[in-house]
Amino acid sequence: MSKKKSIISKFSEGNSDETIQLVEIGNVKLVKKSWKDKIRGSEAIKKQILFEEIISGQVRIKTPKVIDTYLDNEENFVALMEYIEGFSGSELHKISTTQLANNLRSALSLVISNFYEESAFKKIQPEIILNKLDMVREKTKLKDISIYLNIIERYILKLKEINIPLGSCHGDLTTSNIIATGSSTFYLIDFLPTFLDTPFWDILKVKQDLEYGWSTRHLSGHVLNNARILNEFLIPHQIKEFHENFGEIGDLFDSINLCRLAPYVKDEITKQWVLDKLTYSTGKLL
Ligand SMILES: Nc1ncnc2c1ncn2[C@@H]1O[C@H](COP(=O)(O)OP(=O)(O)OP(=O)(O)O)[C@@H](O)[C@H]1O
Ligand SMILES: [Mg+2]
């Protein structure tokens, strides 16, 4: 007997190439995520499946179980996964307790360390980055970005070699991609394939989110203040050590990470945010 499938609600359109729905199959609630780009979808889900649970003290870091994957009639890649009831992103500011905040900071730190320990330093070809910057230039409507892309390109061309840790990473490690259930169990969602797999991205995404204030850019007044206080508290030690450990190569990758946001700029606040942070970050490469 085939089980009845119904859509309960749409979580978000994500960026226009992805959709997320809460569906019910039989009596079980599942999350259905579809990608127009089937390669990106399958790579993202592969990262999710390969992630091994981390347990340290009372902190547990897991991923929602993937129940099924398939190509639908329109050739979208579809993944059905466990629905996790909990809180993520800006909701965390409302429910946060000291215990949750402490554990979430440990969780961020553990994810970063785990991927970092599995990585190995290797020399990369500058073309890998230069090609990515060209793609950013093509895809973005934000004309002002050119100044910053030029600074980064000039900097790269002066380097004798680029030696960085290579290995898997989450790819979009922000608090909106972590679901907290209770105060010590955290689920990582929304893994992102990247043009260059390095644990640097996880460090830099956390920095972008918590230190630079990506996820709070639309907030104001006391809501912004509360969110800032929690974000400041959540910053794991690797963020503070990053620039001490990696110097200008760290600054370079910070700038590249910020440039990758340009094609997603859709409003004035985000535009100003990206340009401000890039002015700061690329200023160190001059
Ligand atoms: N397995 C899940 N269980 C419960 N909620 C989920 C699950 N997956 C996603 N969600 C909810 O849907 C939201 C959006 O999901 P997700 O982060 O995967 O995509 P997105 O952020 O919209 O996409 P993108 O970041 O690529 O634009 C999450 O913040 C979370 O609230
Ligand atoms: Mg997300």
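Between helix 38-50 and the chain there is an angle of about 80 degrees, using the helix long axis and the longest principal axis of the Cα atoms.
Karplus-based coupling profile of segment 269-284, in residue order and whole Hz: 4, 5, 4, 4, 4, 4, 5, 4, 5, 5, 4, 5, 6, 6, x, 7, with θ = phi - 60° in 6.51 cos²θ - 1.76 cosθ + 1.60 and x standing for Gly or Pro. For the peptides 192-199, 161-168, the ranking by mean Cβ contacts within 10 Å, running from highest to lowest, is 192-199, 161-168. Taking each of Lys123/Lys277; Lys123/Lys158; Lys36/Lys141 in turn, the alpha-carbon distance tops 19 angstrom for Lys123/Lys277; Lys36/Lys141. If R0 equals 30 Å, the separation of the Cβ atoms of Glu161 and Ser56 corresponds to a calculated FRET efficiency of about 0.30.
When the helices of the chain are scored as -39500 (n - 2.57) per DSSP H run of n ≥ 4 and the total is divided over every residue, the value at 222 nm lands at -14500 deg cm²/dmol. At an R0 of 25 angstrom, the distance between the Cβ atoms of Asp276 and Glu248 translates into a FRET efficiency of 0.75.
Enter the angle in degrees (range 0 to 90, nearest 10) between the Cα long axis of helix 237-259 and the first principal axis of the Cα atoms of the chain, meaning the one along which they spread out most. It is inclined by approximately 90 degrees.
Each Lys and Arg contributes +1 and each Asp and Glu -1, all at the Cβ; summed about the Cα centre of the chain, the dipole is approximately 320 debye. Comparing Asn76, Asn103, Asn27 in a Gaussian network model of the chain (Cα springs below 10 Å), the most mobile by mean-square fluctuation is Asn27.
Computed over the chain with a Gaussian network model linking Cα atoms closer than 10 Å, the most mobile of Leu104, Leu50, Leu22 is Leu50.
Across segment 89-220, the relative contact order, built from alpha-carbon pairs under 8 Å that are at least six residues apart, equals 32 percent.
Bear in mind these aren't lab numbers, they're just calculated from the coordinates by the rules spelled out. Here the structure is a predicted model, which means the values were calculated and not measured. Cβ sites come from the backbone with ideal geometry, for glycine too, and all protein chains shown count toward neighbours.
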